[in-house]
Amino acid sequence: MGTGTGRVLKNAFLRGGRSQFPFFRKFWYLPSTARGLHLPSLEGRSSLGWATQLGKPFVRIAILLIVAMLCTSCAKPSDRRTCYPVKGRVLVKGRPASGALVVFYPADRSAKSPSASGTADEEGWFSLSTYESDDGAPAGDYDVGITWRDHAFQRQGVLKKSDKAAAADQLKDRYKNPKTSKIRARVEEKPNELPPFDLR
């Protein structure tokens, strides 16, 4: 195509014949470096208007995905029950049972409520955790199981044969089984501080 023909087409396009030249309508929105021409913006749109228009759907999709991810991470799972803070104390013959593991088992097994647990500190105090650390336990009645092993061995997790005697339950498994421990507790819909479990 000669220079004269190209000039004629360009002038015809700028005089309002753009609807007759669909090729130029698409060609117009290419970057100037790609088409070799630098024409004024069309209908008030900048030479990068095509990129803005193309980007809008992708921006919307990205925003929707981010919102969906945030809603998913912040939403409370439907199967979680509301928990209430629970703290208590484990004593053995009046002395703190440091390292004792306390597990609350729902008395109503048909309710499919989760169990909660806590470990006694140096003073024998424990806080229950169900879904998250120290979040408490759902309201209801519980059967309680307690074991008391050497705190250092309990943290270590791996025992040698020579360590088994030292790591054995110092309560001789008397309170390990919640069905036979005869320890009961009730969690109410409020912050709970339970009476001490004074074991013999």
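Out of all the residues in the stretch 110-131, which are out of contact with any Pro (no Cβ under 9 Å at 6 or more places or on another chain) and not in a helix (DSSP H, G or I)?
Ser117, Gly118, Thr119, Phe126, Ser129 - these are the residues of the stretch 110-131 that are out of contact with any Pro (no Cβ under 9 Å at 6 or more places or on another chain) and not in a helix (DSSP H, G or I).
Within the stretch 150-172, identify whether any single residue is farther than 22 Å from Glu189 by Cβ, among the small types (Gly, Ala, Ser) and modelled with pLDDT of 95 or more, and answer yes or no. I'd like the intermediate steps shown before the answer.
Taking the stretch 150-172 first, the residues farther than 22 Å from Glu189 by Cβ are 150-172.
Cutting the leftovers down to among the small types (Gly, Ala, Ser) gives us 152, 157, 162, 165-168.
Those still in the list that are modelled with pLDDT of 95 or more too: none.
No, because not a single residue in the stretch 150-172 is farther than 22 Å from Glu189 by Cβ, among the small types (Gly, Ala, Ser) and modelled with pLDDT of 95 or more.
Can you pull out the residues in the stretch 172-187 that are over 15 Å from Leu101 (Cβ atoms), in a loop (DSSP other than H, G, I, E, B) and in contact (Cβ under 8 Å) with a residue 24 or more places away in the chain?
Listed by number, the list holds a single entry, Lys179.
The values are calculated or read from the model by the stated rules, or taken from the named source; none is laboratory data. The structure displayed is predicted, hence computed values, not measured ones. Positions of Cβ are generated from backbone atoms using ideal geometry, with glycine treated the same way; all protein chains shown enter the neighbour counts.
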